[in-house]
Amino acid sequence: MKRYFFFMLLISSIFSACNKVPKYASYDEYPVYDGSDLELTYSKQSCKFRVWAPTASQVKLLIYENGNEGGAYQTLDMDRSEKGTWTLKVDENLKGKFYTFQLKIDEKWLDETPGMWVKATGVNGNRAAIIDFAETNPAGWENDVRPPLKNFTDIMLYEVHARDFSVSPNSGMKYKGKFLAFTERGTKNTAGEPTGIDHLKELGITHVHLLPSFDFSSVDETKPKDNKYNWGYDPLNYNVPEGSYSTDPNNPVTRIKEFKQMVQSLHQAGIRVIMDVVYNHTAIGKNSHLDLLAPGYFYRHNADSTLSNASGCGNETASERGMMRKFIVESVVYWATEYHVDGFRFDLMGIHDIETMNAVRAALDKVDQSIFIYGEGWTAAASPLDEGLRAVKKNAKELDNIAVFSDDIRDALKGSWMHSQIPGFVSGIDSLEEAVKFGVVGATQHPQVDYSKALYSKAPYVNNPTQIINYVSCHDDMCLVDKLRESKPADATDDELVRFNKLAQTVVFTSQGIPFIYAGEELYRTKKGIHNTFQSPDSINRIDWNFKTTHRDVFDYYKGLIALRKGHSAFRIPTQELTQEHLKFLNLLVPNVVGFTLNNHVNGEVWKDVLVLYNGNRKPVRVGIPAGEWNVVCHDGVINLSGIAQVSDTIFTVAPSSASILYTK
Ligand code: CA
């Protein structure tokens, strides 16, 4: 009896030693699992599960018939394995089933989670789906290739929300608000003019940048008839496409296949695809799908242990921690390989650390060096991460071939983003010449720019123009039309507002760097003065395709600007050195005018010298220009690459609030 008791005690203590929950003094001590088989490895013969849950005392796998409803038909215990992971192999073909993980920590069972590496889900993304990815490929997917791209400065970005693109009754598209709208050809507005992908081809942009299209939480996928709108900056599952943009969110295969069809169609149209990625925060912090694997670990905290909030959305992730960094790197590589995505726009990139962003670059370089990476070089609020470590604008020189948005050029042109009534250079405001010049040289170092007079940054912050995104509007804040109207001089006419608009985009498209436009600006879109339309109805956010007809003059001008840039490599200089050598500012001695030349066939330019003049004044100005036989291709709000006029006088008159562009042969 006594011997039996001691035997039992021995067994029990061995058991508890095996099952002992590791204690870590800090998150930095958590083991990092370096394998590539996290969460699910599917085959027709078996499913291998491996979940990283280093602080759990027990982990269960729950298997379901349904993606959203009903209880688990099977619950299995997982076994502790290496580096904080738990494993289980099920020797059957589980295709069509769904699963979750559930952890016991401190004697308490947490909520279930589909995991964070999850690649397919049921409706609303709360359960992981087991599918055969071979069935997600559209016909011809194996022949899908990225359209050619030589330099990053050849890129012209078009930022669009999947729903805005097609949901308007006059879009002519069948798949309204869906990924598949990007596969429709021959669509027209009420007046019979091309919309959708045909319109994008006509416009001439090179890259479509999709607002968040991974699985976000704010739109209930089971209620498509509600037509609920959201930008999607509330991540739920990073590696799964959003269900509400698919034709059947209940079928886990559909959204994946349709996302691929969208990419394939855009590629066939010669357009590359960029995803807006939002790894900087999750829709909820505590009890998010990540947090339920390792509570607290994936987030930064304040000194009082509360979640820090550099995103302004209630939490911020901790990219400097091993498993979060690994996740971000593997996630972008996954989208680039499985979905053939061509680039990534990092939301609030300044929340991430420089080392992680450079690891992202290095990993994507192994896939394809022409994949483009850029981000917002700022945070939305204070972060505990040391500023010297952050991937912010002022540290951009430490980022390898990663670009940042230039809020400097944006607000110099249109005025303050924060104070809607403060106008900028294009509306006739004085003393912004150096701020505009800062944009013209793409935030690089140039001997003729007085950086002390730039708008925000008082020093160049990128190595080359390949690292800067020039823009005047995006989804955030007022769109360009609304901002210019809100901040207009009291006596400015509607015709003048069009002039301000064209001038602003002319600076964007003739500056060194990478130009970016917000979808619909080329049609003179309005969002009725609303700043932050993240959950405004379709009536505010949708592109009204009939504007293409009613604002034909604006569309033609934007199209002309894009054709100018595409046909003329002088506007696409890839290096700071060549910019310094060939871009010369003119000393014009007229306030609110900026002029420069791009000399001597720079960057393979077919024209010998190019002369660009921006007149921010609401009146014509006479300026001295270099002697030469000049051909005018842009003047007084008109672009005609075949030529508008020829001049050889050294005095040239620039029309009010407009740009002139001339060249010599
Ligand atoms: Ca969703």
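Nothing in this text is a laboratory measurement; each read-out follows from the coordinates by a stated rule. Values in this document were obtained by computation on a predicted structure and should not be read as measured data. Backbone-built Cβ (ideal geometry, glycine too); neighbour counts: all protein chains shown.
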- Order of Thr337, Thr575, Thr113 from fewest to most other C-beta atoms within 10 Å? Thr337, Thr575, Thr113
- Task: Return the distance in nm (one decimal) between the two label points of a simple spin-label model at Val590 and Asn93, each offset 7 Å from Cα along Cα→Cβ.
- Result: 7.6 nm
- Hey, which lysines would be in cross-link range of Lys665, C-alpha to C-alpha under 24 Å, not counting anything within fewer than 8 residues on its own chain? Lys559, Lys566, Lys584, Lys608
- Looks like the stretch 511-665, by Cα gyration tensor root eigenvalues a ≥ b ≥ c and the a/c under 1.5 rounded cutoff (else prolate when a/b is bigger than b/c, oblate otherwise), is prolate
- Calculated diffusion of the stretch 71-211, Stokes-Einstein form, Kirkwood radius summed over Cα pairs, 20 °C and 1.002 mPa s, µm²/s: 109 µm²/s
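For the stretch 27-136, compute the number of Lys pairs whose alpha carbons are separated by less than 13 Å, excluding pairs fewer than 8 positions apart on the same chain.
8
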- Note on the structure: What the Cα atoms of the stretch 583-664 span along the principal axes, largest first and in whole Å, is 35, 25, 21
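What net charge is computed for the residues neighbouring Val638, neighbours being all others with C-beta under 15 Å from the C-beta of Val638, Lys and Arg scored +1, Asp and Glu -1?
Once positives and negatives cancel, what remains is 0.
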- Task: For each of Lys619, Lys483, count neighbouring Cβ atoms within 10 Å of the residue's Cβ, then give the residues from fewest to most.
- Result: Lys619, Lys483
- Message: Once you keep just the Cα pairs under 8 angstrom separated by 6 or more residues, what percentage relative contact order results for the chain?
- Response: 10 percent
- Item | Fewest-first sequence of Glu142, Glu193 by Cβ atoms within 10 Å of each Cβ | Glu142, Glu193
- On a 0 to 90 degree scale, rounded to 10, what angle separates helix 552-567 from the longest Cα axis of the chain? 80 degrees
- If N is the residue count of the chain, its Cα Rg over 2.2 N^0.38 Å rounds to 1.05
- Task: Using only Cα atoms, locate the centre of the stretch 146-207 and the centre of the stretch 617-652, then give the distance between them in Å, rounded to an integer.
- Result: 34 Å
- Across the stretch 363-467, how many lysine pairs, 8 or more apart or on two chains, come within less than 24 Å at their alpha-carbon atoms? 17
- Give the Rg/Rh ratio for the stretch 27-136, taking Rg as the radius of gyration of the Cα atoms and Rh as the Kirkwood radius, to two decimals. 0.95
